Structures are given as structure tokens and as C-alpha cells.
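The values are calculated or read from the model by the stated rules, or taken from the named source; none is laboratory data. Remember, it's a predicted structure, so these values are computed and weren't measured experimentally. Every residue, glycine as well, gets a Cβ built from its backbone with ideal geometry; the counts of neighbours run over all protein chains shown. Ligands, DNA and RNA are excluded from the accessible area calculation, which covers all protein heavy atoms including side chains. Shrake-Rupley method; radii C 1.70, N 1.55, O 1.52, S 1.80 Å.
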Amino acid sequence: MSAVPSTHHLAVSHQSFQVRPFGNLGAEIIGIDLSLPLSAEDFIRVHRAHLDHHVVVFRNQHITPEEQIAFSRRFGVLQIHVLKQFLLASHPEILIVSNIIENGQPIGLGDAGKFWHSDLSYKELPSLGSMLHAQELPAEGGDTLFANMHLAWDTLPASLQKAVEHRKAAHSYTATYSKPKFEGNWRPALTAEQLAEVKEVVHPVVRTHPETGRKALFVNEGFTTRIEGLPGDESRDILAQLYAHSVLPEHLYRHQWQSHDLVFWDNRSLIHLATGCPNHLRRKLYRTTIQGDAPF
């Protein structure tokens, strides 16, 4: 009896899908089914849309964790989050983002994204991009905001551009780790092993996108602690100005989640923020994170 051929060797047909931009940031991709392997040509179109629009929304994706992992892996190596207790059982590539409490214990990271941040900017190799797939959504709240850091750099006053262009900044996972922002959510104390995984790193304040060559601000209130080589008060003042400028309304896209959305954003181009939702409303999403390059 012959073995069933893997999908890797099957002829993959084209899917007919549209890319619809939202405005100056983001696009939705309509008519694609990510439970099916994408042809090389379709994958190139999706990759291009991601580079052009920085955040892409795939509507109505009824995919398994395995299918999310397989699609994510086409973009690169997947990163395993330091909070191992919130990884999906038997699928450590997936971080559970959820406010749900079962048997007195949170099933996922309840306050993920409570400060503006770029995922894993605290690692030597920060994230290329993240995919978040909606499993359970609250009836109100739960929006995610994205800010375009290319636009933030392009529109930064010349004096500030000059002040930071050749500077480096320190990033630390623990910078805002235990600062409460959403009522009722808490974070587990980090073990010595976990702390060893997230030692402070230094990255350029202004990074060059490795695929498009565009410059972007690469600091965020969630993980950036200081600008190297500046007195503390000056560093704090400049960072405050950069943060405020980054999130001006004209730089933002607000994602209002729909059932089974899969959202894929570029952490090299954007920062994002979880707006939170009422505690009694259940919210659960699955996140995969793709490793990027050392910022330059």
C-alpha cells in the first residue's frame, strides 16, 4: 500500500484573492484560505503586501495551530516566548494571549501589549513579524492599535532626527514587566532561568528595514530603557518626545477584531498596543512570532 503523498509534493493551485489597503497603514487580504498551502506566486504576493502595508489582515481563517505554525514558518524561524507556562500544549511555537482564568490560574498572557512595543525588541534578534489568530473575542473592547514607525521617522523634526540618528538604545524585557495597567491581570515572577533568557540588549534608535531599505524609529515605551551615551534626564526627555510623536493619530491603524481574523504585522516597521477589554469578557488569541535579523 503506497504512502499518502505529503502536501509538500502536491500541485498547489493559485488562490484568487484581493489586497485592499486601509489607508496609510494596513490592508486586508480577501478570498485567501490559509488552511491550504500557498503557491510560490501567491506567497510572493502576500509577502509583498506585508512589506508594502506593514500589517495585513486575513479574514475568516478557520485554521488549526499546526496550519498557523506552517504558514508562519514560511517567513522564517519561529521564536519561543520566555513565559513557557503560557505556551500551547504540544505547540510551544504558539503563545496563548488570553484573559481567561481556569481553576484559579490564567491560561495565557492576560495583559500582553499593555504598553506600546515592538515584539521581542529586547532580544539580540528581535521579531521580524507576529501573527495573531482570534480564537475567542469579547463583545466589546479588545482592539489593537498599530503605529507606523517609518512615517514617524520621516515626519520627525530635523533637530530630533539629528539628535538620535546615530544613537543606540537599550531594551529590556523587564522594563515595564510588573507595571500594572489593566485591572485584575497579573504576571508571574520570572525565574533565574527566564531572566537569563532576556538579558538587556542594545539596538540602533533608527533601524533600516532589511528588505525595503526604509528607515524607521526603533524605540518603544514597553521595552526601551535609555539612549546610550546621554545623561539620564536628556535620554528620558528625548524618548518621551519620540514616543509621543510615534503615536500621533495620523500614524495609526486601529484593528477592530472580527471572528477568526489572523493579523500579521511587521515588527521592524511598527509598534503596537493592546487597548484592553472588560475583565469578565473572554478573549483568547494564538500568537506565533517569526525571528528577524540583528537591527542595523
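For Leu128, the residues 5 or more places off, or on other chains, whose built amide H falls under 5 Å of its own are Ile290, Gln291, Gly292.
Provide the gained length on full extension for the span Arg59 to Ala244, in nm with one decimal, where the gain is 0.36 nm per separating residue minus the Cα-Cα distance.
This chain segment gains 63.5 nm when fully extended.
Accessible area per residue (1.4 Å probe, heavy atoms of protein chains only) ranks Glu66, Glu124 as Glu124, Glu66, with the largest value leading.
By its C-alpha gyration tensor, with a ≥ b ≥ c as the square roots of the eigenvalues, how is segment 31-177 shaped: rounded for a/c under 1.5, else prolate for a/b larger than b/c, else oblate? Cα axes put segment 31-177 in the oblate bin. One chain, two ends: Ile100 and Phe296. Fully extended at 0.36 nm per residue, the span grows by 66.7 nm beyond their Cα-Cα distance. Provide the solvent-accessible area of Tyr286, counting protein heavy atoms only and rolling a 1.4 Å probe, rounded to the nearest 10 Å². Tyr286 has an accessible surface of roughly 30 Å² with all protein chains in place.
Take the Cα of Glu211, step 7 Å toward its Cβ, do the same at Arg20, and the gap between the two points is 2.3 nm.
Using unit Cβ charges (K, R positive; D, E negative) and no other charged atoms, how large, in debye to the nearest 20, is the dipole of segment 223-296 about its Cα centre?
The dipole magnitude comes to about 580 debye.
Using a probe of 1.4 Å on the protein chains alone, the accessible area found for Ser16 is around 110 Å². Enumerate the residues in segment 107-136 having an amide nitrogen under 20 Å from the point lying 7 Å beyond the Cα of Phe43 toward its Cβ. Only 128-132 fall inside the zone, counting backbone N under 20 Å. Looking at the chain, the DSSP beta bridges with both ends there are about 95 percent antiparallel. Rounded to whole numbers, the Karplus 3J(HN,Hα) couplings from phi for segment 162-173 are 5, 5, 10, 4, 10, 8, 10, 10, 8, 10, 9, 4 Hz, using 6.51 cos²θ - 1.76 cosθ + 1.60 with θ = phi - 60°, and x at Gly and Pro.
The residue among His251, Asn99, Gly110 whose Cα reaches farthest toward the positive pole of the charge dipole of the chain, with charges on the beta-carbon of Lys, Arg, Asp and Glu, is His251. Amide H to amide H distances under 5 Å link Trp257 with Thr144, where only residues 5 or more positions off or on other chains count and H is placed in the peptide plane.
How high is the FRET efficiency between Arg73 and Thr275 when r is their beta carbon distance and R₀ equals 22 Å, given to the nearest 0.05? So, using R0 = 22 Å, E works out to roughly 0.15. Taking label points 7 Å from Cα along the Cα-to-Cβ direction, Asp33 and Asp154 give a separation of 3.7 nm. Stokes-Einstein at 37 °C, 0.692 mPa s, Kirkwood radius from Cα pairs: D for the chain in µm² s⁻¹? Calculated translational D: 165 µm²/s.
DSSP beta bridges fully contained in segment 26-110 are about 50 percent antiparallel.
Once every DSSP H run of n ≥ 4 in the chain is given -39500 (n - 2.57) and the sum is divided by its residues, what mean residue ellipticity at 222 nm do you get, rounded to the nearest 500 deg cm²/dmol?
On the way: 6 runs with 57 residues, N = 296.
Only helices count here, giving -5500 deg cm²/dmol.
Less than 13 Å Cβ to Cβ from Phe58, Lys/Arg counted +1 and Asp/Glu -1: what total charge do the surrounding residues give? Working shown, then result.
Values: positive: Arg20, Arg45, Arg59; negative: Glu28, Asp33, Asp42, Glu67, Asp261.
My count for the surroundings of Phe58 gives -2.
Could you tally the net charge around Trp257, taking each other residue with its Cβ under 15 Å from the Cβ of Trp257, Lys/Arg +1 and Asp/Glu -1? Neighbour charge sum, excluding Trp257 itself: +1. In whole percent, how big is the carbon plus sulfur part of the accessible area of the chain, probe 1.4 Å, protein atoms only? The C+S portion of the solvent-accessible surface of the chain is 54 percent.
How high is the relative contact order of the chain, in percent, with contacts defined as C-alpha pairs under 8 Å that are six or more residues apart?
Relative contact order, the chain: 32 percent.
Total lysine pairs in the chain at Cα distances under 24 Å, for residues eight or more apart or on different chains: 23. For Thr225, the residues whose modelled amide H falls within less than 5 Å of its own, excluding neighbours fewer than 5 places apart on the same chain, are Ala170, His171, Ser172.
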